[in-house]
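*Asks:* Provided herewith is a single structure, encoded as structure tokens, for subsequent inquiry.
The values are calculated or read from the model by the stated rules, or taken from the named source; none is laboratory data. None of the values given here were measured: they were computed from a predicted structure. Every residue, glycine as well, gets a Cβ built from its backbone with ideal geometry; the counts of neighbours run over all protein chains shown. Accessible surface is based on the protein model in full, side chains and every heavy atom, while ligands, DNA and RNA are left aside. Shrake-Rupley method; radii C 1.70, N 1.55, O 1.52, S 1.80 Å.
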Amino acid sequence: MNKDSLQTRVQEEVLTFINSRKSLQLATSGKNGEPYASYSPFAIGDDCLYVLLSEMAVHATNLQENSAASVLIIQDEDDAKELFARKRINYSINAELLSYDNENWTLGINTLAERHGDRINKLSQLSDFKLFKLTPTGGRYVKGFGKAYTLAGEGLTGSEVQHMTGGHTKRDAA
């Protein structure tokens, strides 16, 4: 398979996988660099992800203080053939807080409501809920042992896909 067809195939698989999931794991850090792991329902936007988070939650405060974070979208344990090789995608992201009076707010809320229903419209009317646009700056897609790919560049599928080689080797006997 040539490099262009591999890239196209992997990018299509990434989008199909992301579309099959409804929530993501979010790793943020606060002012003092203390890590915090959480989750959120998400929607797919224009080469980005949208999340609506309450300011009462640590992850929303962290993203307002430090826009660099990490996202993990992962296959359910019960659906995985191999627990140690669950299909997943991990992104380094830049989070942008979208202002309530911005047209991007409307786009993000509509995108979330389309995916998650009317609850989004109700939550978006509460002043403590903030809309974040999460733009991937790079990532890694893993679909099994020996099937891992680096996604270089911005966006959900990256501008370049590279198959990761090497890695797992047997330990020398002691």
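*Asks:* Determine whether the stretch 149-159 contains at least one residue that is within 23 Å of Thr61 (Cα to Cα) and open to solvent by 90 Å² or more (accessible area, probe 1.4 Å).
*Replies:* No, that holds for no residue.
*Asks:* What is the one condition in (1) in contact with a Phe, Trp or Tyr (Cβ under 6 Å, 6 or more places away or on another chain); (2) exposed (fewer than 13 other Cβ atoms within 10 Å of the Cβ) that Leu131 does not satisfy?
*Replies:* All conditions pass for Leu131, except number (2).
*Asks:* If I go through the stretch 1-39 residue by residue, how many of them are exposed (fewer than 15 other Cβ atoms within 10 Å of the Cβ), of a type in the set (Ser, Thr, Tyr) and over 11 Å from the mean Cα position of the chain (by Cα)?
*Replies:* Count: 4.
*Asks:* Next question, about the same structure. Under 8 Å by Cβ, and 6 or more places apart or on different chains, what pairs join a residue from the stretch 66-80 that is more than 16 Å from Leu24 (Cα to Cα) with one that is open to solvent by 80 Å² or more (accessible area, probe 1.4 Å) and not in a helix (DSSP H, G or I)?
*Replies:* Short answer, once both residue conditions are applied: Asn66/Lys31; Ser67/Glu96.
*Asks:* For residues in the stretch 40-60 being open to solvent by less than 10 Å² (accessible area, probe 1.4 Å) and assigned to a strand (DSSP E or B), which is farthest from Glu154 (Cα to Cα)?
*Replies:* Applying the filter and picking the extreme gives Leu53.
*Asks:* Condition first: surrounded by 14 or more Cβ atoms within 10 Å (Cβ to Cβ), out of contact with any Phe, Trp or Tyr (no Cβ under 9 Å at 6 or more places or on another chain) and not β-branched (Val, Ile, Thr). Now tell me which residues in the stretch 101-115 satisfy that.
*Replies:* Result: Asn104, Trp105, Asn110, Ala113.
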